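The structure under discussion appears below in the form of structure tokens.
The values are calculated or read from the model by the stated rules, or taken from the named source; none is laboratory data. What you see is a predicted model; the values in this text were computed from it and never measured. Here the Cβ positions follow ideal geometry from the backbone for every residue, glycine too, while neighbour counts run over all protein chains shown. Just so you know, the surface numbers come from the protein's heavy atoms only, side chains and all, with ligands and any DNA or RNA stripped out. Shrake-Rupley method; radii C 1.70, N 1.55, O 1.52, S 1.80 Å.
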Amino acid sequence: KQWYQRRVRGEVTDYAAATSTQIDNLVAKTNQVYDRVQSFSTTANSRIQEFTTSFNTAETESGLVTRAAEKLIAGLSRDNCIRRGVRYLGTATAVHYNVPTVYECLERCKAPEVLSVTLSIAPNPEKGKCECWDKRRGYLFDRHNFYTSVNRLCWELGAADNEKWASCTNLNRVHSGSTIAVSEGLASIKECGYACAYRDDCAAVTYERDTGKCYLKGSGSIGASDVGSDSLDLSCVIE
């Protein structure tokens, strides 16, 4: 009997020792798995951070490229507002002398009533004479490229970015102002807006996307719904 008890105690002891060893091995393997998970997590977080940094950099560079492109397009649009070899005539609200460039002429003619400017250039004996007009265009007068003229509203429209144009555009709405004139074959509401800039009595436009028709409008407000027709007030774009 005692022999049997010793045998049982021995087997229990051996089983306990074996079980303890298995538990220790399981703990060791669990720790290894945990260490590997931690290592993977650290590596994954590092890669995610690298990706996020690269993405943010690409997004920033893309934004810079987009803004640079918009500035280039705005510059080209503004350049189209400069009419070389053309003199605008009308009632001069002010005259400045010894003005070196048409850009400074625009700066000198900042009064609200000024709608266009003309700068006399060489070899004109009145070189540097800057005239501020009360009309957007007045009468066109060409004489030996002695003049450069700029429509102020056109110039100010060129300063607006795409976001500004989009925020001022009322999609699928017509303008209630009376129709002054209709232009056809225009590619966008922006081109329609520039066409309006050269009419003294034009304040807004309605543009048909499908036909390319541009309706130059007098003063009024955004009116009824009309699918395919967009409208905007020029005052919104330049404010």
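Brief remarks on what is shown
- Take the conditions (1) out of contact with any strand residue (DSSP E or B) (no Cβ under 9 Å at 6 or more places or on another chain); (2) surrounded by 15 or more Cβ atoms within 10 Å (Cβ to Cβ); (3) among the hydroxyl-bearing types (S, T, Y); T211 misses just one of them, which is (2).
- Any chance C132 is buried (at least 17 other Cβ atoms within 10 Å of the Cβ), touching a residue at least 24 places away in the same chain (Cβ under 8 Å), under 34 Å from the mean Cα position of the chain (by Cα) and farther than 18 Å from R199 by Cα: no
- Within the stretch 146-158, residues that are over 24 Å from P125 (Cα atoms) and in contact (Cβ under 8 Å) with a residue 40 or more places away in the chain have Cβ atoms under 8 Å from residues that are in a strand (DSSP E or B) and open to solvent by less than 20 Å² (accessible area, probe 1.4 Å) in these pairs: R152/S116; R152/V117, counting only partners at least 6 apart in sequence or on another chain.
- Across the stretch 157-184, the qualifying residues are those that are charged (D, E, K, R) and in contact with a Cys (Cβ under 9 Å, 6 or more places away or on another chain), and the one among them that is nearest to C214 (Cα to Cα) is E184.
- Restricting the first member to the stretch 108-122 and to residues that are touching a residue at least 24 places away in the same chain (Cβ under 8 Å), and the second to residues that are open to solvent by 40 Å² or more (accessible area, probe 1.4 Å) and assigned to a strand (DSSP E or B), the beta-carbon pairs closer than 6 Å and six or more apart or on different chains are R108/H96; V114/T93; T118/R87.
- Candidate set: the stretch 214-239, residues that are modelled with pLDDT of 95 or more and polar (S, T, N, Q); chosen: the one surrounded by the fewest Cβ atoms within 10 Å (Cβ to Cβ): S229
- Of all residues in the stretch 177-201, those that are touching a residue at least 40 places away in the same chain (Cβ under 8 Å) and within 16 Å of C154 (Cβ to Cβ) have Cβ atoms under 7 Å from Cβ atoms of residues that are among the acidic types (D, E) and crowded, with 17+ Cβ neighbours inside 10 Å, 6 or more apart or on another chain, in I189/D230.
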